[in-house]
1. Round to a whole number: what % of the accessible area of region 16-103 belongs to carbon and sulfur, probe 1.4 Å?
2. Using R₀ = 60 Å, calculate the FRET efficiency as 1/(1 + (r/R₀)^6) where r is the Cβ-Cβ separation of Gln181 and Lys77; round to 0.05.
3. Using 0.36 nm times the number of residues separating Thr284 and Arg388, minus their current alpha carbon distance, what extension gain do you get?
4. Taking R0 as 45 Å, what's the FRET efficiency between Val337 and Leu440 from their Cβ-Cβ distance, rounded to 0.05?
5. Based on the Cβ-Cβ distance from Arg539 to Arg262, what FRET efficiency comes out when R0 is 25 Å, to the nearest 0.05?
6. Kindly flag which residue pairs out of Lys55/Lys141; Lys289/Lys335; Lys335/Lys531; Lys141/Lys192 have an alpha-carbon separation exceeding 29 Å in this structure.
7. Taking 7 Å along the Cα-to-C-beta vector as the label spot, tell me the Ile61-Lys328 distance in nanometres, rounded to one decimal.
8. Work out how much length Lys269 to Asp167 would gain on full extension: take 0.36 nm times their residue separation and subtract the Cα-Cα distance, in nm to one decimal.
Amino acid sequence: MRLLIFLLFFAQSISAWAAITAQLDQDQVAAGETVQLTLQHDGQTDSQPDLAPLKQDFNIIGQSSGSSIQIINGKMKAQVQISLALSPKRAGKLQVPALQWDGQSSPALALSVGGNGGNGAQSLPSPSAGHVFLSSTLDAKNPYVQAAIPLTVRLYSDQPLYQASLDLQPGKDVLIQQLGQDKQVNETRDGKTYQVVERHYLLFAQRSGRIELDGAVLNAQVQDTRSGPFFGNVFGGNPFAGMMGSTRPIRIQGDQIALTVRPRPGSDKGHDWLPAQNVTLSETWQPDKGEVHAGDPLTRHLQLTATGLTAAQLPDLSQLLQLPAGLKAYPDQAKLVNDAQGNTVAGSRTQDIAIVASQPGHYEIPALHLYWWDTGSDVQRALDLPARTLEVLPGAGGVAISTTPDDTGNTAALNIQPEEKVAQPAAIASSDTRWKGISLALFLLWMGTMFVWWWHSWQKPVKLVSTEASEAIIAPPGKAAASQGFRQACLDNDAQAARRHLLDWARAIWPQDAPAGLNALAQRLDDDTLKPLLSQLDRACYAGGSWQGGELRDRLKSLPVKPAPALSPKLASLYP
């Protein structure tokens with residue numbers, strides 16, 4: 001009992017003579033090396049030291065703690081120890097500040113950190129920089145806004161790295177895209193052999209002016225060859241040995257990357273801003289030759305390729321078409337492809353546009369002009385697709401096909417009207433009876449097919465389905481799948497997929513006059529709450545970056561379906 005009272009008395013009085021000590025395992029490290037700080041509190045305590053002052057010059061990448069109580073010759077001695085793995089944020093003469101713990105202060109400690117040997121412009125690593133270091137090289141001088149800026153990051157190491165990760169985070173004004181795969185080579189400098197990992201990035205500045213971007217960061221484990229006491233004989237060794245074996249963490253951050261970005265030149269008069277190294281535009285027509293009849297589609301195949309731009313930055317060429325009255329364009333979904341070319345990217349946009357004439361006649365399709373900015377020569381250049389003349393013949397069966405706009409200006413129906421009869425040569429008139437017989441036979445065959453289809457449809461039992469299932473059954477082909485795909489893409493915050501499914505949905509609703517893009521869809525819906533949301537989606541697809549689709553999904557629950565007036569052509573006119 002006396003011993004128990006004695007122990008309680010000493011336990012309560014330990015804090016009265018508490019003292020705080022601090023110790024670094026070394027006072028000089030190379031860039032990226034970690035240093036171990038040990039804090040010791042004499043006396044028992046449940047509190048923690050205030051580590052906030054450390055965060056000004058250090059990253060805390062590991063922490064462990066322990067305590068011990070010893071009774072020697074009737075005297076009790078208690079200690080609490082905390083070990084911190086610190087990664088310096090910068091090179092130079094640093095100071096581990098005094099830290100507060102239970103009202104006591106630890107002593108301040110000096111630390112010397114070597115340079116990284118790299119910077120944001122061009123640098124060659126120095127062997128004195130340490131065993132592991134980073135180098136960065138910008139390949140573009142005075143880049144333009146939204147132009148591709150090649151950046152090469154090299155990691156040098158003369159020792160094995162474990163669990164290594166190299167990361168370059170985008171800034172609020174810079175988008176980043178990794179280019180190709182990493183390359184590994186060996187390089188010898190001043191008698192030292194380094195393994196070099198080379199990684200290429202493309203930076204896309206979103207505004208002009210000076211922009212600063214944090215350098216690449218390497219987090220890895222290296223073999224721990226250092227030794228020294230830690231927590232005395234009781235807690236000796238590396239505090240992280242249990243988790244990492246005989247390794248210790250390192251964290252290296254490359255120097256800051258500074259960009260001076262030029263704005264779009266005032267002399268650029270193009271509809272779209274396309275800063276690139278080279279741009280090509282080509283087209284093919286199908287059919288390229290032969291007769292074209294009213295109502296028959298004429299496909300215009302366009303391919304746009306730009307070196308130094310991604311496919312998402314290329315414009316929708318269907319928006320640049322200027323068609324005369326009587327011709328209607330129906331663009332297909334564009335195919336976007338990015339290919340790595342050296343230290344840059346070549347984006348291509350391939351698109352088919354169906355052009356349909358509603359009336360026979362002579363049409364002139366104007367030339368297509370595309371302007372782009374040559375970043376190598378620093379001048380504006382133009383690409384032209386020549387004008388094309390179309391001679392459209394009457395539709396098959398001797399009919400003229402014209403579109404009738406509904407009250408929204410969209411094509412709602414096709415009016416099929418017989419053309420005026422003209423005098424026929426005797427040879428054609430003599431064969432008129434034969435063609436009438438063939439037409440009558442085809443008509444009777446068609447009527448028999450329709451009767452069989454009606455009979456089988458009438459015989460099928462009617463099943464009751466839910467409202468959602470009913471909509472899927474009566475919807476045009478692809479409508480339900482496109483609608484569901486759009487909603488899922490919004491949930492996934494996938495801008496490209498949301499745009500693709502939304503336009504597919506619109507084409508299923510308005511197959512005769514589908515909107516060419518999101519801007520055209522916004523004009524057709526004429527909803528002030530949807531226009532900014534569709535504009536945000538369009539901008540995300542063009543410029544990249546994050547996009548949140550929840551609000552658009554909640555607001556755009558359906559597309560208005562306006563059925564076309566029923567066709568009421570006289571069968572006699574189809575078969576004169």
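1. Working: 1940 of 4400 Å².
The value for region 16-103 is 44 percent carbon and sulfur by accessible area.
2. 0.55
3. Going from the current span to full extension adds 36.3 nm.
4. On the way: r = 53 Å, r/R0 = 1.17.
Once rounded, the FRET efficiency stands at 0.30.
5. Approximately 0.70, to the nearest 0.05.
6. Too far apart for the 29 Å limit: Lys55/Lys141; Lys141/Lys192.
7. Using points 7 Å along Cα→Cβ, the separation is 6.4 nm.
8. Numbers: separation 102, 0.36 × 102 = 36.72 nm, distance 3.84 nm.
Length gained between Lys269 and Asp167: 32.9 nm.
The values are calculated or read from the model by the stated rules, or taken from the named source; none is laboratory data. All of these numbers come straight from a predicted model, not from anything done at the bench. Cβ sites come from the backbone with ideal geometry, for glycine too, and all protein chains shown count toward neighbours. Quick note on the areas: whole protein, heavy atoms, side chains included, nothing else; ligands and nucleic acids left out. Shrake-Rupley method; radii C 1.70, N 1.55, O 1.52, S 1.80 Å.
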